[in-house]
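Data first, discussion second: the structure below is written as structure tokens.
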């Protein structure tokens, strides 16, 4: 069966964990172990986020800017696909070493529209926190906004993914190869006179994963995150896990405002996009619960 | 025909050019134009160096190290495959836009031996030039050596490439896809108990390209550099371009010491490796002269 698995949350870097080589590798090892059965038994494309990583790359570029001209966000997105894709691929190869399957990481560009309203209203926070006076100094260079009560941060546009540029390559490989693709939501590119050009933005990795899952005609889209379920009334006393649910019902709950933009919102939107575009099943759960979720015993399962 | 083209020298960054986004893109555009005909008419894998780029990434990591723990060289190698592979892929897609060919960039690991003597004797220069006093300060952290008369630079181990880990994927794609692979000579990995593990080193991109060319059974290996020919008595009054030459004859010249380790040496060794392993033809020339070299009118052409 064709499955797209989107790794997020604690699959790569826990909240408050610093990006360190050892931490990255040990998290990736754990995640690879959880994936080891599903990738042996299915045709799988693995996608991943890059929120913390692209922030760190941008910060390195910022700190070193007097010696080395900083690179734009699309280039940093490509760098993050190497930074994460390579150790992930290495661990998957190791866990498949007695099997006849290959693993390949495909640099992935994702088409967005120049006219996406997101370019007028950047909302995606990346990188480190600044004090008010630091923020003031950076205002000519970046768009800076207050991120809740934690300080000021750079915000970038998060346009909608329209098309996975490398989809034919991914489709061709998937029969006998575990493919790592669309890392960090993909490298954002726009088209002008049928020519591609990178653009500074960060695409939501769950929306990009849904776009990829539709374009390779996957049956399942699985989004792994730090919690075992999507919840009703999340973070309140009335919090309640969502188990099996229909597409129609989840759209109703979305309309009622159960899924805030910063956390479960994009995952639910990705689920809806995929199921409305011929997908069969969406699972939202944590890595540890993946196997149980496949057996229908854990996780939020959304059915067309 | 199956061809591996290794981009080096001025294809990406001219000597003394600073790594800047605009420079990188404009150099890549020029190079893509020179490649546009050959990639339309043949099955081509493109490899590229990363000497300046991985040096800049290492320097950014170094400068920002109090805020962000630096990543090891294998991870930086993977980052450089994104940094260079993505804009190169984008330009090639643009130049192929009226053709039915795809372009894909494959993150590439290259197997080396833990026991390679290079690990005891680092020789590969990376990154920026330092003055004598700057070099003195960095001596506890890096291995630093004098790079001809141009200043001091960091040196790292450059072990021999043994196997391209993703060769099956590359072979599968090449029929209708221009593949970018083995960037920067590939990400160096060793095998312990049949498990892969990254190691800090930089593999020579020409030797890695020869290894790749052999393993996909390419007919031609083309190495693009900043000069139109390999030369006899290079840099002396008796300097003379090498035009068409046999494998036997080039081995003789290599033995006589015509090709210094830092410049033409690895290219000639790569040529010999490839031709001794069933390759048909090697071309060494500059990007501008590629088309003429294919017609036999320019460049150093080495035949089995």
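The values are calculated or read from the model by the stated rules, or taken from the named source; none is laboratory data. Worth saying up front: this structure is predicted, and the values here are computed from it rather than measured. Quick reminder, even Gly has a Cβ in these numbers, built from the backbone with ideal geometry, and neighbours come from all protein chains shown.
Of all residues in region A:29-40, none satisfies being in contact (Cβ under 8 Å) with a residue 40 or more places away in the chain, more than 14 Å from chain B (Cβ to nearest Cβ) and closer than 20 Å to residue A:204 by Cα.
Listed here are the residues, each with its yes/no results for (1) in the same structural domain as residue A:186 (by TED's automatic domain parsing); (2) under 30 Å from residue B:198 (Cα atoms); (3) more than 21 Å from the chain's Cα centre (by Cα).
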| site | (1), (2), (3) |
| --- | --- |
| A:83 | yes, yes, no |
| A:105 | yes, yes, no |
| A:111 | yes, no, no |
| A:120 | yes, no, yes |
| A:151 | yes, no, yes |
| A:155 | yes, no, no |
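Quick one: would you say residue B:26 is within 14 Å of chain A (Cβ to nearest Cβ) and touching a helix residue (DSSP H, G or I) at 6+ places or on another chain (Cβ under 7 Å)? So that I can check it myself, show each step before the final result.
Working: within 14 Å of chain A (Cβ to nearest Cβ): yes; touching a helix residue (DSSP H, G or I) at 6+ places or on another chain (Cβ under 7 Å): no.
No; evaluated as a whole, the condition is false for this residue.
Residues in region A:95-107 that are at the interface with chain B (Cβ under 9 Å from one of its Cβ atoms) and assigned to a loop (DSSP other than H, G, I, E, B): A:97, A:98, A:107. Within this structure, residue A:135 passes the test of being part of a helix (DSSP H, G or I) and either within 19 Å of the chain's Cα centre (by Cα) or away from chain B (no Cβ under 11 Å) (or both). Scanning region B:147-161 for residues that are modelled with pLDDT of 90 or more and under 10 Å from residue B:130 (Cβ atoms) yields one hit, B:152.
Taken over region B:205-227, the residue count meeting the criterion of being in a loop (DSSP other than H, G, I, E, B), at pLDDT 95 or above and touching a helix residue (DSSP H, G or I) at 6+ places or on another chain (Cβ under 7 Å) is 1. Scanning region A:281-304 for residues that are over 20 Å from the mean Cα position of the chain (by Cα) and more than 19 Å from residue A:11 (Cβ to Cβ) yields A:295, A:296, A:297, A:303, A:304.
Within region B:167-175, the presence of a residue that is farther than 30 Å from residue B:97 by Cα, assigned by TED's automatic domain parsing to the domain that holds residue B:35 and touching a helix residue (DSSP H, G or I) at 6+ places or on another chain (Cβ under 9 Å) is excluded.
In summary, residue A:24 fulfils each of the numbered conditions (1) at pLDDT below 95; (2) closer than 23 Å to residue A:164 by Cα; (3) surrounded by fewer than 24 Cβ atoms within 10 Å (Cβ to Cβ) with the single exception of condition (2).
With respect to the conditions (1) over 19 Å from the mean Cα position of the chain (by Cα); (2) at the interface with chain A (Cβ under 8 Å from one of its Cβ atoms); (3) without any contact (Cβ under 8 Å) to a residue 24 or more places away in the chain, residue B:115 falls short on a single one, namely (2). Of everything in region B:140-181 that is within 13 Å of chain A (Cβ to nearest Cβ) and assigned to a loop (DSSP other than H, G, I, E, B), the residue that is farthest from residue B:111 (Cα to Cα) is B:176.
Here is a yes/no grid of residues against (1) assigned to a loop (DSSP other than H, G, I, E, B); (2) more than 7 Å from every other protein chain (Cβ to nearest Cβ); (3) touching a helix residue (DSSP H, G or I) at 6+ places or on another chain (Cβ under 6 Å); (4) buried (at least 24 other Cβ atoms within 10 Å of the Cβ):
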{"site": "B:46", "(1), (2), (3), (4)": "no, yes, no, yes"}
{"site": "B:68", "(1), (2), (3), (4)": "yes, no, yes, no"}
{"site": "B:79", "(1), (2), (3), (4)": "no, no, yes, yes"}
{"site": "B:85", "(1), (2), (3), (4)": "no, no, yes, yes"}
{"site": "B:89", "(1), (2), (3), (4)": "no, no, no, yes"}
{"site": "B:93", "(1), (2), (3), (4)": "no, no, no, no"}
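Count of region A:269-299 residues, restricted to those that are assigned to a loop (DSSP other than H, G, I, E, B) and surrounded by fewer than 16 Cβ atoms within 10 Å (Cβ to Cβ), is 6. Checking each residue in region A:190-209 for being within 13 Å of another protein chain (Cβ to nearest Cβ) and either crowded, with 24+ Cβ neighbours inside 10 Å or more than 23 Å from residue A:274 (Cα to Cα) (or both) picks out A:191, A:192, A:193, A:194, A:195, A:196, A:197, A:198, A:199, A:200. Can you find a residue in region B:189-203 that is in contact with a helix residue (DSSP H, G or I) (Cβ under 7 Å, 6 or more places away or on another chain), in the same structural domain as residue B:115 (by TED's automatic domain parsing) and closer than 15 Å to residue B:6 by Cα? The answer is yes; a qualifying residue exists. Against the list (1) under 30 Å from residue B:67 (Cα atoms); (2) surrounded by fewer than 22 Cβ atoms within 10 Å (Cβ to Cβ), the condition residue A:34 fails is (1).
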